[in-house]
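As structure tokens, the structure follows; a few thoughts come after it.
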Amino acid sequence: MAALCEAFTLCGLGPAGGVGLGSGLLALEPGADPDHVLLTDRGRTTTLFKVSDQKPLGCWSVKHGQIITCPVVCNFETHEYIAVHDNKVLRIWKDEDVNLDKVFKATLSAEVYRIHSLPHAEPLVLFKGGGVRTLDVLLEAPQQEIENVISDEVIKWSEAFLESRQPVLIFVTEKDGDFFVYVQKPKMRSLHKYKLEQQELCNPLSFTAYIKKQIITLLCLYSSDSVYKVLIPLQQSSEEEEQTLSKSLLLNLSISGSVLKGTSFVVLDKDHVAVLGSLAASGEESKECLTIWNTKFQTLQASKELPLGTSGQLWCYGEKFFFTHGKVLTVVIYKCETSSLAAAVGKLKDSQTSDLSSFVNWNTLGDEELLVSLQSQQSVALKSESKMTLRSKKSTVANIQPDTSTVGQFLLSIKDASTAAVEDQLRQLLSKAQMPDFQAAIGCIISALINRCKTDPKFYPRNFLVQMIQKGELSYSLCPDLMAVALEKKDVHLLQICLQRFPDIPEEITYACLKVFLSISDDYLERTDVNLESVISYIDIEPNNKEVKTEVVENGFSTELEEDGCDVTGMKETHMMDSVEFCPVGPQKAALLNAVLHSAYSETFLLPHLKDLPAQQAVLFLRYLHYLYVKCSEKINTTLPGILSPTISQIMDWMCLLLDAHFTVMVMLPEAKGLLSSMHRFVRAQVRLYSELNKIEGSLQELQRIKCQKHSQAYSIEVLELI
């Protein structure tokens with residue numbers, strides 16, 4: 001069984017995308033870390049992204065007038081990045097490099113088609129003439145002559161594998177409507193050429209392949225809406241002449257009168273493929289969608305409509321799909337399980353994938369539709385199981401069926417039940433150990449509860465919702481309406497937990513939370529339940545709710561002690577000028593704002609929303625950020641104490657964002673003038689400090705070098721002269 005799970009946006013692709021992808025996406029390749037991907041645009045930029053945080057980690061560009069002509073890849077052995085621009089110029093750099101003009105450069109003698117990076121092996125460089133070199137051999141003599149393997153043929157696709165620790169490269173070429181397959185083993189200098197069997201009135205559109213037990217399985221997506229399979233054995237005699245490869249039909253992309261016009265596809269496992277294309281039914285407008293098919297049983301397992309359109313490109317790494325959707329790059333998580341006939345037709349009851357999530361959209365069904373859908377599913381399952389004679393199978397179904405029924409009964413029972421009664425039923429339901437597909441069941445339950453909350457203002461099972469979020473069972477994409485309901489009810493505690501726990505909150509919702517937190521009065525927040533763990537360690541509260549400023553002695557230094565003991569007029573003046581004596585907000589509001597600072601975001605999508613923040617709220621938020629910045633700077637390690645306290649990087653990033661969004665307003669507001677002036681003086685003082693530290697950096701490094709070279713005895717006195 002296969003299923004499409006939650007989806008989220010990795011980055012924008014338009015001119016305002018902010019990551020250099022305005023000219024379109026050329027390719028996406030995996031990074032050295034399983035959570036990293038490399039995006040190469042159709043211009044001169046490549047960007048490294050951390051997928052789980054949806055944030056760019058690095059961005060590199062070649063000079064104006066130069067163009068990156070093949071996908072940038074990561075060398076998994078050295079963690080270096082390899083790019084080719086203007087077809088022949090090779091560049092190699094590392095994470096810490098900033099300017100590509102200053103990194104390693106080599107000009108090659110032939111044009112490069114693509115570079116393939118393999119784990120535990122040297123990258124393979126495929127040239128447009130069909131020649132192949134490993135990167136180390138190529139770098140020994142960049143101007144070495146590269147042979148032309150193909151003549152008047154154009155490479156359409158290529159892929160590389162490791163088989164028995166030996167690299168294997170396969171690529172497909174086209175000439176005058178004929179397609180040829182080449183298989184190379186660079187280290188063994190082995191090359192085999194095959195001709196692909198022609199298909200009348202249709203041509204291959206996309207290719208993918210995998211290797212197992214010395215056999216390459218090449219899959220071809222044809223314009224006839226079919227996928228064909230070609231088997232290519234690696235063990236071939238070098239004397240054999242060009243052979244014609246026969247193909248066999250693997251999959252017809254049609255179901256219930258609808259035909260999928262595929263543009264690209266990938267292999268998920270031996271029984272599943274994912275196809276991106278347009279699903280067209282007779283008399284209806286075609287719709288672009290992402291689909292997962294079971295090739296063993298010829299069934300469509302999962303489908304997701306893409307109304308904003310795609311570029312036709314599809315990548316798959318680490319159980320995640322990557323594709324363009326409108327003006328953004330979208331990531332969709334998927335899961336595949338062992339293929340069986342029961343799973344393929346949606347009647348498997350003892351698998352981890354329940355038909356609750358596979359065939360029912362709980363967000364759109366009404367109560368009557370819900371009842372009919374649930375009963376029809378159960379009756380079909382019972383009919384199919386009644387035909388079985390195996391006692392073990394009947395026993396398994398009997399054990400699992402009541403759980404699914406219990407979930408369905410609960411979903412029907414919440415229509416008129418009180419909040420207390422619903423929460424009591426939920427505790428009983430979730431205590432069952434044999435609930436199939438717990439995650440899917442929770443998603444259905446939460447959706448039903450939220451639908452009830454929308455229609456019944458008095459119904460709000462807050463305790464259960466908080467419990468599920470704290471257990472880590474939910475995400476924003478699993479229940480997108482949950483935070484909207486919490487915002488409507490101004491449930492700041494639930495919003496705080498969501499911001500801390502959900503990694504996929506849209507920037508629009510993050511901004512809405514920020515606006516609500518800033519608009520609620522401190523008096524109201526004092527009567528609410530808010531987690532203060534992130535502020536309790538650095539904000540002390542007096543009975544009248546005023547913050548008491550405390551100084552933590554670091555390395556024997558305390559401002560209070562210094563002022564009592566000696567003349568520190570200059571230091572005292574600077575300290576009084578740059579410090580913030582009291583927190584501008586109460587502890588509850590500070591804790592809520594800290595949750596906002598912790599949420600993941602993209603500057604491109606958050607900045608337009610921040611510009612809508614009212615001026616008074618923007619000034620208040622900036623005062624709080626300034627307060628945190630000063631508090632961090634008071635500590636030697638620039639780290640605030642406490643659990644989930646904001647980091648100095650998060651504080652500075654948000655200050656920059658807020659100033660970018662409201663700088664003109666801040667300059668014009670009289671109440672913001674003093675704040676901006678104080679921030680300016682504080683930053684200027686820090687710049688001076690770091691400038692002085694930079695002056696003695698060389699001396700400090702020399703001291704460290706001397707200390708490493710000399711091994712002093714138990715006791716010694718050394719005099720070191722600093723120049």
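The values are calculated or read from the model by the stated rules, or taken from the named source; none is laboratory data. All figures in this text were calculated on a predicted structure; none of them were measured in a lab. So basically every Cβ, Gly included, is an ideal-geometry build from the backbone, and we count neighbours across all protein chains shown. Just the protein is used for accessible areas: all its heavy atoms, side chains included, with ligands, DNA and RNA removed. Shrake-Rupley method; radii C 1.70, N 1.55, O 1.52, S 1.80 Å.
The table below gives the values:
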| quantity | calculated |
| --- | --- |
| Net lengthening on full extension, T217/E305 (0.36 nm per residue, minus Cα-Cα) | 28.7 nm |
| Label-to-label distance, nm, for residues given as A106 and H680 (7 Å Cα→Cβ offset) | 5.3 nm |
| FRET efficiency, E96 to L657 (Cβ-Cβ, R0 30 Å, nearest 0.05) | 0.75 |
| Net length gained if the chain between S254 and S190 were fully extended (0.36 nm per residue, minus Cα distance) | 19.0 nm |
| Cα→Cβ-extended label distance, 7 Å offset, between N87 and Y715, nm | 7.7 nm |
| Spin-label pair D152/N694, simplified geometry with 7 Å Cα→Cβ offset, distance in nm | 6.3 nm |
| FRET efficiency for E337 and D522, using Cβ-Cβ distance with R0 set to 45 Å, rounded to 0.05 | 0.30 |
| With DNA, RNA and ligands ignored, accessible area of D101 (1.4 Å probe; Å², nearest 10) | 70 Å² |
| Per-residue SASA entry for V137, accessible area with 1.4 Å probe, Å² rounded to 10 | 60 Å² |
| Difference of contour (0.36 nm per residue) and Cα-Cα distance, D33 to E488 | 159.8 nm |
| Calculated FRET value between E702 and K611, using beta carbons and R₀ = 41 Å, to 0.05 | 0.25 |
| Restraint check, K287/K335; K88/K128; K128/K156; K458/K490; K247/K320; K490/K589, Cα-Cα greater than 18 Å | K287/K335; K247/K320 |
